[in-house]
Each structure stands twice: as C-alpha cells, then as structure tokens.
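> Here's a structure for you.
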Amino acid sequence: MADESAPAAPLNSEIEPQAEIAAESEPENGGSKRNREEDEGSEPTGEKRIRAESEVEEKSEEPEKQEEEANVAVVGMKTFGSSVEMFDYFYKLLHTWPPNIDLNKYEHIMVLELLKKGHMEAERKIGCGIKGFQVRFHPQFKSRCFFLIRDDESVDDFSFRKCVDRILTLPETMQIKHDVNKALRGKGGGAFGRGRGRGHRGRGRK
C-alpha cells in the first residue's frame, strides 16, 4: 500500500509549478493590454494638440482678416482695397472728364454711390433726385469740382475727397485741413466780392 501511494506526490509537485507559471503570466498579459490601451489613447491626445494649435492660429489670423476687411470698400461696381486707391479713381475721373458734359451711365452710378455712402448730408444733396453729374470749374475756387444736377434743374457741388475720407480714412497728408479750407474760402469769397464790386463801380461809371 505504501508503495502505491508514494508516486502520487511527484504528480502534485509537477502540477503546482504550471499553475504558478500561468499565474505569473497573467499580469504580463494584463500589462500588455494596458500598454496597448495607453498607446491607443495617446492618438486622440495628439490630434487634440494639433487641433488646439490650429485653433490658435485661426484666432491669430482673425484680427488680420478684420483689418483687411476694414480697409476694403465697395462703391458702385468697384471694390477698392484702400482709401488711396478710391481717391485716385475719382481724382482721375475729375481731371480727365470734359467739363460741362454729363457723366456716362457707369460713372454716374459710381459718383452717385460715392455721394450716398460718403456724404454727411447725402439726402439733402440728392433732394428731389439727381438726373446727371458734371465736372465744372468752381466759381469760387477756380478748380475742377463734381456738380450734381437735380431733376428740378437745381445745381450743387460736393467734395469727392470728403466722401472718400468718410468711407475709408485717407492718410493725414491727403485729408482736407479745415483751417486751410476756411482760409481759402474767406480769401476766395473776398476776392470774388471785391471783383464783383469793382465791376459794379465800373459799370456805374459808364
């Protein structure tokens, strides 16, 4: 009986190490799963970082876009990228169009839109409606100026420079100096008045 039970002991000793090996191997498998999960979880983090950086770049570009949009204006059928560009367009029109002739349909729309958008008293200037624009020599300043002709045949002048400056601010060197403007008006008015006075006296003598 003792001889038959003796071999049973080695069988248990062989089984136990296998169980220990299996138990030791489980943490390794669990650890590898955690590693894979950490590796997989790291991908979204990288994507979030890239997305966050792109959002920062977009936000930094927003002020630049706003500045660019602020320096752009649509007048009539043209888009002007700066106040100087707009000024040059109407200055060229003023100095190349023949005097006392109505502007063509295209230029009429352009000057009308400039007046509507840029003049502080556009409604008063337009009045009963405008049937035409002409380039004439101003009787006081003796220089070219835009004149509007209303439907009732009344005529009025306006400064295209002031209109441009109100839509898009002109550089300081191109803006009208109010003190100088007043001085010119006073000087021009005085000279005009003196000239008219001499004319009346001359006719009186005759």
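> Loop only by DSSP, 13 or fewer other Cβ within 10 Å of the Cβ. Give me the trypsin sites (Lys or Arg not before Pro) in the stretch 88-132 that pass, ordered by residue number.
none
> Just order 160-166, 143-149 by mean Cβ neighbour count inside 10 Å, highest at the front, would you?
160-166, 143-149
> Note down the net charge around residue 123, summing +1 for each Lys or Arg and -1 for each Asp or Glu among other residues with Cβ under 13 Å from its Cβ.
That sum, taken over residues with Cβ under 13 Å, equals +3.
Each reported figure results from applying straightforward, stated rules to the coordinates on display, with no laboratory input. Source: prediction; values computed, not measured. We place every Cβ from the backbone using ideal geometry, glycine too, and count neighbours over all the protein chains shown.
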